[in-house]
């Protein structure tokens, strides 16, 4: 058992160091390639987390552009704003609710939402807000994970967590809850005429495989109440049990001291 577990670590710090840099950043590059932001564009990074999209798009839109990063979690904004800032547009960090944005109509050329939509309590209202702040002729780009059954390593992880918390996996796997193309078309076609959904799989490389369970559970505490509401002792006990359960499965994905596994997403381009 790894005795270096530190369940009291700040979940937002863990998210940035372990999950954002190793998972979000490569997917951000995919999103940017799809819509090619240009100099002068006004861009919204909705449910920005610690700002993977915001920081990578700022140099592309340049000093004449505008980048607003919105998240409902103040801890994520605090950590994001402390990272090294890129050249280009100054990033505006804004605490806000995706279902009631305090932003002007027709304010943005591009709206990004990377792995956030599935967490919104009122998704139709969030679609309406996205449409409202997007300029005529603009584009929105949304990414959500495919279903949990398409994510072999996370399926093992959440099955173990579900067992030890004695709750259905569906109560925990919110990150994978918008996993079908049909669901996405139904959700976004209420406000957008053109809804294009692409299924994409990328290999993910994560260091410190022995801490995969710890950092995954801590990262989930930024957005999933079942993890966020745990005290430190309960979280540590869960981490230890799940790490023991999944040790063999995790080791099966280790290559050269790095965890390597595929993750599958749906990317939705809206106009």
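Please tell me if residue 111 is buried (at least 21 other Cβ atoms within 10 Å of the Cβ), touching a residue at least 40 places away in the same chain (Cβ under 8 Å) and in contact with a strand residue (DSSP E or B) (Cβ under 8 Å, 6 or more places away or on another chain).
yes
Looking at the structure I just gave you, is residue 95 in contact with a helix residue (DSSP H, G or I) (Cβ under 9 Å, 6 or more places away or on another chain) and farther than 22 Å from residue 56 by Cβ?
So residue 95 fails the test.
Filter the range 186-216 down to the residues that are without any contact (Cβ under 8 Å) to a residue 60 or more places away in the chain and surrounded by 14 or more Cβ atoms within 10 Å (Cβ to Cβ) and list them by number.
The answer is 209, 212, 213.
State all residues of the range 217-226 that are in contact (Cβ under 8 Å) with a residue 12 or more places away in the chain, surrounded by fewer than 21 Cβ atoms within 10 Å (Cβ to Cβ) and part of a helix (DSSP H, G or I); if no residue qualifies, say none.
If the condition is that a residue be in contact (Cβ under 8 Å) with a residue 12 or more places away in the chain, surrounded by fewer than 21 Cβ atoms within 10 Å (Cβ to Cβ) and part of a helix (DSSP H, G or I), then 226 is the only one that fits.
Among the residues of the range 73-94, are any within 15 Å of residue 37 (Cβ to Cβ), in contact with a strand residue (DSSP E or B) (Cβ under 7 Å, 6 or more places away or on another chain) and in contact (Cβ under 8 Å) with a residue 12 or more places away in the chain?
yes
Using the structure shown, decide if residue 73 is within 23 Å of residue 11 (Cα to Cα), surrounded by fewer than 22 Cβ atoms within 10 Å (Cβ to Cβ) and touching a helix residue (DSSP H, G or I) at 6+ places or on another chain (Cβ under 8 Å).
Criteria met by residue 73.
Could you check residue 144 against (1) part of a strand (DSSP E or B); (2) farther than 17 Å from residue 201 by Cβ and say which number it fails?
For residue 144, the failing item is (2).
List, please: which pairs have Cβ atoms under 6 Å, are six or more places apart or on different chains, and start with a residue in the range 141-157 that is touching a residue at least 60 places away in the same chain (Cβ under 8 Å) and on the phi > 0 side of the Ramachandran plot and end with one that is buried (at least 19 other Cβ atoms within 10 Å of the Cβ) and in a helix (DSSP H, G or I)?
Every condition considered, no pair remains.
Just to check your reading of the model, which residue among 192, 261 is modelled with pLDDT of 90 or more, outside any helix (DSSP H, G or I) and within 23 Å of residue 149 (Cα to Cα)?
Of the residues listed, the single one that is modelled with pLDDT of 90 or more, outside any helix (DSSP H, G or I) and within 23 Å of residue 149 (Cα to Cα) is 261.
Considering only residues that are assigned to a helix (DSSP H, G or I) and over 19 Å from the mean Cα position of the chain (by Cα), look in the range 130-141 and name the one that is nearest to residue 185 (Cα to Cα).
131
I'm told residue 18 meets every condition in (1) without any contact (Cβ under 8 Å) to a residue 12 or more places away in the chain; (2) closer than 29 Å to residue 207 by Cα except one. Can you identify the failing condition by its number?
(1)
Kindly evaluate residue 127 against the criterion of being farther than 24 Å from residue 12 by Cα and either modelled with pLDDT of 95 or more or surrounded by fewer than 16 Cβ atoms within 10 Å (Cβ to Cβ) (or both).
Judged against the criteria, residue 127 is a match.
Kindly list, by first and then second residue, each pair from a residue in the range 23-39 that is free of Cβ contacts under 8 Å to residues at least 40 places away in the same chain to a residue that is loosely packed, with under 15 Cβ neighbours inside 10 Å and assigned to a loop (DSSP other than H, G, I, E, B), limited to pairs with Cβ atoms under 9 Å and residues at least 6 apart or on different chains.
39/63; 39/64
The values are calculated or read from the model by the stated rules, or taken from the named source; none is laboratory data. Please read all numbers here as calculations on a predicted model, not as lab measurements. We place every Cβ from the backbone using ideal geometry, glycine too, and count neighbours over all the protein chains shown.
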